[in-house]
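All remarks here apply to the structure that follows.
The values are calculated or read from the model by the stated rules, or taken from the named source; none is laboratory data. Please read these numbers as outputs of a predicted model, since none were measured by experiment. Every residue, glycine among them, receives a Cβ derived from its backbone with ideal geometry; neighbour counts consider all protein chains shown. Heads up: the accessible areas ignore ligands, DNA and RNA and are worked out on the full protein's heavy atoms, side chains in. Shrake-Rupley method; radii C 1.70, N 1.55, O 1.52, S 1.80 Å.
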Amino acid sequence: MSTSSKVLLFGATGKVGGAATRFAVSRNVDVHIAVRDPSKSLGTDLDSHFSSKKDHVHKADLTDAASVEAAVKASGATTAFVYCQHKSMLDVFEALKRAGVTYLVLLSSYTLGTSAEASKKLDVNNLDMIQTFHYRAEGQVKELNFPAYTFVRPGSFASNCAMWWKREAVNGKIRLPYPEAGQGHIVDQDIGDVVGGLVATHNASTNPPAIVALIGPRNIKHKDVVAILTRVLGKPIEIVPIDPEEYRAGAIKAGLPAPLIGALMGYWASCTAETDDVKLSENVQKYAGHPATTFEQWAEKHAAAAFA
């Protein structure tokens, strides 16, 4: 059952936002999108869909509150989807509410916990970089008393493995500081489908869930991820154990931000084969109507392009 509300989705040119847009469109929702560059292709299917709906494509940037407010007003949307920025988003959230958004879906992070109760146990004085900006954004939404909101908290994206290891995989070796660390990798498409399902079926009057945590259907050790990539890519990839501090230094030297590497290293160090609650993969079925995608399925379809 589709909500009759107009929805405004940010990030339609990205993987999660694009999937959310496609899902909502498939459910006959009155979808408007906000993008930084309206001339950029959304993909053949969405380009075709919006070609006759130019008034449904709005130029806006989540770092520019005025553009966000203008997009909401032009669309007439009362439901919106946005994703977190590293800087404070208070002015953006104020603009969304002032312009008429009554139900907000925010892409947040599993690192804040799987429930409100779990979030209360966080040491707010010792948050890592990833936790910090997501925690701040969620707090700002709650302080503004939106009539309704949902924080979508996905775990590690399956596609992140390319960000971590692509350059090394080309040379047939991947250095692993924590080869036994296990994570329930969630696929971008599934996250987007859940967002699409939420905006398609909920609004401020339907009592939407406050938090939806998402994890893939199976915890996979890092060394087993490499084994899957070896098989799918059709080339041998050797695992090279490396001291965590040496890995950290190398990643920073390669250009990755030190706070980000610190957050990742801390998370990997805490992970075991059973750290992520894979039962949360059932939320994909609950809100998107299909089973969660496995890492193997993602790799079969996307690894070749991701590691090219």
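Here is how the numbers come out for the structure above:
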item	result
Residue within the stretch 256-277 that is more than 30 Å from residue 122 (Cα to Cα), touching a helix residue (DSSP H, G or I) at 6+ places or on another chain (Cβ under 9 Å) and either in a helix (DSSP H, G or I) or touching a residue at least 12 places away in the same chain (Cβ under 8 Å) (or both) present	no
Residue match in the stretch 265-278 (condition: open to solvent by less than 50 Å² (accessible area, probe 1.4 Å), among the polar types (S, T, N, Q) and either farther than 21 Å from residue 195 by Cα or modelled with pLDDT of 95 or more (or both))	no
Odd one out for residue 235, checked against (1) in contact (Cβ under 8 Å) with a residue 12 or more places away in the chain; (2) not in a loop (DSSP other than H, G, I, E, B)	(2)
Selected residue [in a loop (DSSP other than H, G, I, E, B) and at pLDDT 95 or above] from 41, 88, 67	88
Some residue of the stretch 182-194 being over 18 Å from residue 9 (Cα atoms), more than 14 Å from the chain's Cα centre (by Cα) and open to solvent by 10 Å² or more (accessible area, probe 1.4 Å)	no
Residue within the stretch 216-228 that is closer than 30 Å to residue 101 by Cα, of a type outside the set (A, V, I, L, M) and open to solvent by less than 10 Å² (accessible area, probe 1.4 Å) present	no
Filtered residues of the stretch 198-215 (kept if of a type in the set (Ser, Thr, Tyr) and either open to solvent by 60 Å² or more (accessible area, probe 1.4 Å) or touching a helix residue (DSSP H, G or I) at 6+ places or on another chain (Cβ under 7 Å) (or both))	201, 205
Residue list for the stretch 206-232, filter: small (Gly, Ala, Ser) and without any contact (Cβ under 8 Å) to a residue 40 or more places away in the chain	227
Qualifying residue in the stretch 137-153 (condition: without any contact (Cβ under 8 Å) to a residue 60 or more places away in the chain, among the aromatic types (Phe, Trp, Tyr) and outside any loop (DSSP other than H, G, I, E, B))	no
Answer from 55, 30, 45, 61 - the residue that is crowded, with 17+ Cβ neighbours inside 10 Å, more than 23 Å from residue 147 (Cβ to Cβ) and of a type in the set (Asp, Glu)	61
